[in-house]
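Here is the structure we will look at, set down as C-alpha cells.
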Amino acid sequence: VGYLYRSRLTDKALEKISNFISSIKEDERIFEEDIDGTEAHDIMLYEQGLITRQELGKILSSLEKLRLEKRKGSVKLDSKYEDIHEFIENYVITDVGLEVGGKLHTGRSRNDQVVLDVRMNLRSDLLDIFGLLIAFIETLLKRGEEHKESPMMFYTHTQQAQIGSLSHYFIAYADGRLRDFKRLRDCYDRVNLSPLGAGPIGGTSITINRKRTASLLGFNGVLENSIDAVSSRDFILEAVSALAVLMSGLSRLTEDLILWSSAEFRYIEIDDKYASVSSIMPHKKNPNVLELIRGKTGKVYGNLISVLSIIKGLPTGYSSDLQETKPPLWDSIDLVKNSLEVLIDLIDTFKVNTERMAEIISDSYAFAVDLAEILSQNVDLSFREAHMVVGNIVREMISLGKKPSDLQAETIEKVAEKILGKKINVDNSLIRDVTDVKRILSKRQTIGGPSSKEVERMLQNRKELLRECNKELYVRKKYLDQAKIRLAETVKKYSSSRSTR
Ligand code: ARG
C-alpha cells in the first residue's frame with residue numbers, strides 16, 4: 001500500500017526520492033476536485049455499461065466518506081504517495097478492495113486527470129477573483145463619486161503636470177481593472193473545457209463518453225485533441241500573465257498611495273489598521289500593506305517566468321516538469337486574491353486631505369498649459385508662440401519669488417512683445433479662466449477628460465459596465481453551481497450505504 005503503481009519496478013522508492021518526487025503537499029488544493037472528477041468518470045463508466053451499479057455504489061460511497069474525513073481534518077497526506085491521484089485511488093482500493101476499487105481508474109490516466117483537476121480548481125479561483133475585482137471597481141467608483149469636486153494635481157515624470165480631479169484618477173484605475181476582468185474572463189472560457197478522457201496522450205480503447213463527464217463537471221465542452229488536452233498548459237501561461245498584468249496595475253496604484261501618504265504630499269491618510277510602526281522611530285506610520293502589494297507583484301512576475309520557462313523546452317506529451325507549474329499558478333492566484341482583499345478596504349477607508357490637494361494646486365504653475373492653450377485660441381499667437389511666452393513668464397515669476405496668483409494680463413503682453421516682437425491684447429478674464437480650477441476643468445471637455453460633465457458620464461458608464469461584469473460572473477457561477485448540484489444528486493442516487501462493504 002502506498003506503492004500502487006510500482007509493479008513494473010523491483011525496488012521500493014527511497015524515502016528521500018519519494019519526498020523529491022511527490023506533489024502530494026501542493027495537491028491538497030485539488031483534493032475535492034480529484035474526488036469530483038473521479039466520481040464523474042465512474043458514473044460515466046457505469047452509464048456506459050463498463051462497471052455495475054453496485055460497483056459504482058461502493059466506489060462513490062468510499063469517495064464520499066473520504067471527502068467527509070478530509071473536511072473533518074482527519075486525513076493525513078503522506079509523501080510516500082506520488083500525488084493526490086495515487087492517494088485517493090489507494091484509499092478506495094483499501095476501503096472496498098482491489099477487485100472493485102481497481103476499476104475506478106479504468107480508461108483514465110493521471111495525465112488527463114491532473115490537468116482536469118487544475119482546470120476545475122482554476123475555474124473556481126477565477127470566479128473568486130471576478131468577485132473581488134467587481135468589489136474593487138465598485139470601491140473605486142464609490143470613492144470617485146465622493147470626489148467629483150476634489151481637484152488634484154496630476155504628475156508626469158513625478159513633476160506637477162496638469163490639474164484634474166481625484167474622481168478622474170479613481171476612474172482610471174477602475175478602467176484598468178475592467179480590462180483585467182475581461183482578460184481573465186476570456187481566460188476562464190478557455191480554461192472551462194474538459195481534458196478528461198484524453199488518456200495518457202492518445203486516447204483509450206475503453207468506450208468512455210467524454211461529453212458526459214464534461215457535462216457532469218460543468219464544463220462548457222470537451223478539449224478535443226487528446227495530445228493537446230494533456231500536453232498544453234497555455235491556459236496556465238494565460239492565467240498567470242493576466243494575473244501579472246493585474247498586479248502591475250495594483251502595484252502602480254499602491255506606489256501612488258505610498259507617495260501620497262508621505263509627510264511631503266499628505267494627500268491621503270491610510271487607516272491605522274493598514275499601517276505599521278518603527279521599532280526605533282516613534283513617529284513613524286509606515287504603509288506596509290501597500291509596499292507589500294508592490295513587492296508581491298514581483299513574485300507574480302517571477303511565477304510567470306517560472307511557468308514560461310518550465311514549459312518552453314518540453315517535448316509534446318506529459319512530462320513531470322509540468323508538475324512544477326502548479327505551485328507558481330496557485331501562488332499567483334493567492335497573491336492576487338490577498339492583495340485585492342486588503343486593497344479594497346484600504347481604499348474604502350483612507351482619508352482624503354482635499355485642503356492639502358488644493359494648497360498644492362494654488363502654489364503651482366500647472367495651469368501653464370491651460371494658459372498657453374487659451375492664448376492660442378483667443379489672441380493672435382500660435383500655440384508654440386504662446387508656449388514660449390508662458391514658459392518665459394513662469395521662469396521669471398519663479399526667479400522673482402512671485403506666486404501664480406500674481407500673474408497679470410499686462411505681463412503676458414509685455415513678454416510677448418519682448419520675445420516675439422508682437423503686440424497683443426490680453427483680457428484679464430483670460431487670467432481668471434486659468435487661475436480658477438473649476439473653470440480650467442470645465443474647459444477640458446474632450447472625451448475622457450476631466451470636465452465634471454465628462455467625469456460624471458464616465459462614472460455612470462462604468463457603473464453600467466460593472467453591472468455587465470456582474471452578469472458575466474453570475475452566469476458562469478450559476479452554471480458551475482448547477483453542475484455541482486447535479487453531480488451531488490447523481491452521486492447520492494448511485495451511492496447506496498448498503499452496498500459499501
Ligand atoms: N503528480 C503529477 C502532476 O502533478 C500528476 C500526473 C502524473 N503523471 C505521470 N505520468 N507521472 O503533474
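A short reminder: the numbers here are calculations on the coordinates, not readings from a lab. For clarity, every value in this text was computed on a predicted model and none was experimentally measured. Don't worry about glycine lacking a Cβ; one is built from the backbone with ideal geometry, like all the others, and counts go over all protein chains shown.
Scanning the chain for helices, which whole DSSP H stretches are 27 Å or more long along the axis (Cα) and average -0.5 or more by Kyte-Doolittle?
Passing helices, by number: 110-146, 234-260, 288-312, 326-349.
Contour minus end-to-end for H157 and T354, with contour as 0.36 nm per residue of separation and end-to-end as the Cα-Cα distance?
Values: separation 197, 0.36 × 197 = 70.92 nm, distance 2.26 nm.
Fully extending the segment from H157 to T354 adds 68.7 nm.
Compare the Cα positions of T139, V307, A366 along the charge dipole of the chain (+1 at Cβ of Lys, Arg; -1 at Cβ of Asp, Glu; about the Cα centre) and return the one farthest towards the positive end.
V307
What length, rounded to one decimal in nm, is gained on full extension from E149 through to S7, with 0.36 nm per residue of separation minus their alpha-carbon distance?
Answer, rounded to one decimal: 43.7 nm.
For A161, what residues show an amide H to amide H distance below 5 Å, using hydrogens built from the backbone and excluding near sequence neighbours?
It is F154, Y155, T156, by chain and number.
Can you tell which of Y5, L56, S23 lies farthest toward the positive end of the dipole of region 3-56, using +1 and -1 charges on the Cβ of basic and acidic side chains (Lys, Arg; Asp, Glu)?
Farthest along the dipole direction, towards plus: Y5.
Please report the spacing between the Cα centers of region 359-423 and region 126-205 in Å, no decimals.
One Cα centre to the other: 40 Å.
Please list, or write none, the lysines whose alpha carbon is within less than 27 Å of the alpha carbon of K402, excluding same-chain residues fewer than 8 places away.
Hits, sequence-local ones excluded: K414, K418, K422, K423, K438, K443.
Can you compute the modelled spin-label distance between A135 and K403, with each label point 7 Å from Cα toward Cβ, in nm?
Here the answer is 4.6 nm between the modelled labels.
Counting only C-alpha contacts under 8 Å and six or more residues apart, can you give the relative contact order of the chain as a whole percent?
On the way: 654 pairs, mean separation 93.8, N = 501.
In percent, rounded to a whole number, it is 19.
Would you please put 348-357, 175-184 in order of how densely packed they are, using the mean number of other Cβ atoms within 10 angstrom per residue and starting with the highest? Write down the numbers at each step before the final one.
Numbers: 348-357: 15.4, 175-184: 19.3.
Output ranking for 348-357, 175-184: 175-184, 348-357.
Starting with the highest mean, order 128-134, 432-438, 278-284 by the number of other Cβ atoms within 10 Å, averaged over the residues of each peptide. It would help to have the intermediate numbers written out before the result.
Values: 128-134: 20.0, 432-438: 15.9, 278-284: 7.9.
By packing density, highest mean first, the sequence is 128-134, 432-438, 278-284.
Which order do the peptides 33-42, 449-458 take when ranked by the mean count of other beta-carbon atoms within 10 Å per residue, highest first?
Numbers: 33-42: 24.5, 449-458: 17.9.
Ranking the peptides 33-42, 449-458 by packing returns 33-42, 449-458.
What is the dipole size for the chain, taken about its Cα centre, with +1 at each Lys and Arg Cβ and -1 at each Asp and Glu Cβ, in debye to the nearest 20? Let's see the in-between values first.
Working: 74 positive and 74 negative charges, 176 e Å.
That gives a dipole near 840 debye.
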